[in-house]
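The structure under discussion appears below in the form of structure tokens.
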Amino acid sequence: MEVKETYLKGCYIITPNIFEDERGCFYESFNTRIFKELTGVQVSFVQDNVSKSFKGVLRGLHFQTGNNAQAKLVQVLKGKVMDVCVDLREGSQTFGKYFSIILDEVNRTQLFIPRGFAHGFFVLEDNTVFTYKCDNFYSKDSEAGILYNDEYLNIDWRIGNQKTIISKKDQDLPKFKDFFKL
């Protein structure tokens, strides 16, 4: 497994070693011991989530607040997404900055997103299966989000002229400056 920190401190790209032969492939998707050795981060995942989405679906930007904040390890099992995370840690040098990466079923790259980040993704292929591990349980009372197309964040979702499917709930999320009272 190769682990590389992004320019957002604590956010890591994880590339597994994939072993292929005539039967197919095998890879270790995550190893807590190796991850801690390479990053210094100790994480215990308590909840796994899976979503299946059609091409053009945009989900996000979501996060949990307060004591219910979640670190996530995200990956695509089938298909392809543009994955985005935004640093919401006030006082961080990269507060309000985002990182994006293409995650797909071919390279099996994953993204570790620490607590204090918003997360979302745009689906680039039909029937994409997206999975994420969380280090804290979901709490409806702590659910929050930021509008995906907020001009302050200026995220390039690589949507172009594609038809998008966005839930009403995600379309009604507050803007970054309104959420943080900037």
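The values are calculated or read from the model by the stated rules, or taken from the named source; none is laboratory data. None of the values given here were measured: they were computed from a predicted structure. Glycine gets a Cβ as well: all are built from the backbone with ideal geometry, and neighbour counts include every protein chain shown.
Taking the conditions (1) within 16 Å of the chain's Cα centre (by Cα); (2) modelled with pLDDT of 95 or more in turn, residue 46 satisfies each one other than (1). The residues in the stretch 95-115 that are in a loop (DSSP other than H, G, I, E, B) and buried (at least 17 other Cβ atoms within 10 Å of the Cβ) can be counted, and the count is 5.
Of the residues making up the stretch 125-144, at least one is under 18 Å from residue 52 (Cβ atoms) and of a type in the set (Asp, Glu). Taking the stretch 1-73 and the strands (runs of 3 or more DSSP E) fully enclosed by it, the elements with 2 or more residues that are β-branched (Val, Ile, Thr) are at 12-15.
Give the residues of the stretch 4-14 that are surrounded by 13 or more Cβ atoms within 10 Å (Cβ to Cβ) and either at pLDDT below 95 or of a type in the set (Phe, Trp, Tyr) (or both), sorted by residue number. 12 - this is the single residue of the stretch 4-14 that is surrounded by 13 or more Cβ atoms within 10 Å (Cβ to Cβ) and either at pLDDT below 95 or of a type in the set (Phe, Trp, Tyr) (or both). Of the residues making up the stretch 1-43, those that are closer than 30 Å to residue 96 by Cβ and without any contact (Cβ under 8 Å) to a residue 12 or more places away in the chain are 4, 36, 40, 42.
Pairs linking a residue in the stretch 57-71 that is modelled with pLDDT under 95 to a residue that is assigned to a loop (DSSP other than H, G, I, E, B), with Cβ atoms under 6 Å and 6 or more positions apart or on different chains, are 60/148. Criterion applied to 89, 108, 115 was being modelled with pLDDT under 95 and either within 25 Å of residue 42 (Cα to Cα) or basic (Lys, Arg) (or both), and the one residue passing it is 108. Whenever a residue of the stretch 158-173 is closer than 16 Å to residue 62 by Cα, its partners that are modelled with pLDDT under 95, lying with C-beta atoms within less than 7 angstrom and at least six residues away or across chains, give the pairs 170/60.
Annotation note: of 161, 149, the sole residue that is of a type outside the set (A, V, I, L, M, F, W, C) and closer than 19 Å to residue 86 by Cβ is 149.
Residue-by-condition table, conditions (1) acidic (Asp, Glu); (2) over 27 Å from residue 143 (Cβ atoms); (3) more than 19 Å from the chain's Cα centre (by Cα):
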| residue | (1), (2), (3) |
| --- | --- |
| 2 | yes, yes, no |
| 7 | no, yes, no |
| 17 | no, yes, yes |
| 40 | no, yes, yes |
| 51 | no, no, no |
| 58 | no, no, no |
| 80 | no, no, no |
| 86 | no, no, no |
